[in-house]
Amino acid sequence: MRPDFGQHFLESSMSQYFSIHPDNPQQRLIAQAAEIVRRGGVIVYPTDSVYALGCHIGDKQALERIRAIRQVDKHHNFTLMCRDLSELANYARVDNSDFRILKASTPGAFTFILPATSEVPKRLMHPKRKTIGIRVPDSPIAQALLDELGEPMMSVTLIMPNDEYPMTDPYDMRQTLEGQVDAIIDGGYCGLEPTTVVDMTGDQPQMTRQGMGDFSLI
């Protein structure tokens, strides 16, 4: 169990700002960002689809801070960002046919809805279906961050209340979120299109949201 830090990581009103190369992430900066997550911080980071808010998988307080930023309730679905399929399998039950689909589609811009294992904190599961959204991002920055952490991150798209589209410009993020998050990773421009969401809990995969990922490949 992680210690309860009692208050969020950020002691001042300033958010840290890391400019990280999108293709060759600087390990020193990745390590600093990962340490902020470990210590209960909330970060903004780029993925292969859109920018996201992320925090430690076990940190309830950080999760509540993200909900406050997004102004969403406890029923809003978070995604577990995983490094690879072996890590994904710790948090979701995957049969052989599902595994073949996941192997062909990861890393990539898909979020897969799968039955959750007991490793997933209950507050992250769909309350009735006991499912979890999981994905493996095809982003050097996100992969480096997850590799440094050694475990998944709780994550949600960075879209502000009343906005129709996710934020794309790190400068705007800095202006808007200063003091609300502990770190912003500037990895350059990200797109506006979120992941394609695929429900894997039935007999056949079902697309529940069209996004960047090409469902015809599944």
Problem set entry | Distance histogram for region 129-173 (every C-alpha pair counted, 5 angstrom bins, percent rounded to whole numbers) | 5, 15, 19, 21, 20, 15, 4, 1
For this session: Using a Gaussian network model of the chain whose springs link C-alpha atoms within less than 10 Å, name the residue from P152, P46, P115 with the highest mean-square fluctuation.
Result: P115
Exercise. Charges only on Cβ, +1 for Lys and Arg, -1 for Asp and Glu: so what's the dipole of the chain about the Cα centre, in debye to the nearest 20?
Worked result: 780
Exercise. Karplus couplings for region 60-66 from phi (6.51 cos²θ - 1.76 cosθ + 1.60, θ = phi - 60°), rounded to Hz, Gly and Pro as x?
Worked result: 5, 5, 5, 4, 5, 5, 5
Problem set entry | the chain: angle of helix 27-38 to the longest principal axis, Cα-based, in degrees nearest 10 | 80
Problem set entry | Among P121, G54, V156 - extreme Cα towards positive end, dipole of the chain, charges at beta-carbon | P121
Seminar exercise, completed: Taking Lys and Arg as +1 and Asp and Glu as -1, residues besides L124 with C-beta under 13 Å from its C-beta add up to +4
Exercise. Along the charge dipole of region 127-218, which of T196, A142, Y165 sits closest to the positive end, that is, farthest toward it, with unit charges on the beta carbon of Lys, Arg, Asp and Glu (+1, +1, -1, -1)?
Worked result: T196
Problem set entry | Burial order of peptide ranges 187-198, 120-131 (average beta-carbon count within 10 Å, highest first) | 187-198, 120-131
Exercise. Looking at the chain, what % of its DSSP beta bridges pair antiparallel, to the nearest 5?
Worked result: 60
Exercise. Mind checking the dipole of region 64-164: about its Cα centre, +1 per Lys or Arg Cβ, -1 per Asp or Glu Cβ, Debye to the nearest 20?
Worked result: 520
Seminar exercise, completed: Taking the chain and counting helices only, DSSP H stretches of n ≥ 4 at -39,500 (n - 2.57) each over all residues, the nearest-500 ellipticity at 222 nm comes to -7500 deg cm²/dmol
For this session: Determine the sum of side-chain charges near G150: Lys and Arg each +1, Asp and Glu each -1, restricted to other residues whose C-beta is under 10 angstrom from that of G150.
Result: -2
Exercise. When the chain is treated as a GNM, springs tying every alpha-carbon pair under 10 Å, which of T176, T157, T111 comes out with the largest mean-square fluctuation?
Worked result: T176
Exercise. For the peptides 75-85, 14-24, what is the packing order when you average, over each peptide's residues, the other Cβ atoms within 10 Å and list the highest mean first?
Worked result: 75-85, 14-24
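Laboratory data are not the source of any read-out in this text; all were calculated from the coordinates shown. Note that the structure is a prediction, hence the values are computed from the model and not measured. Using ideal geometry, Cβ is built from the backbone for each residue, glycine included, and neighbour counts are taken over all protein chains shown.
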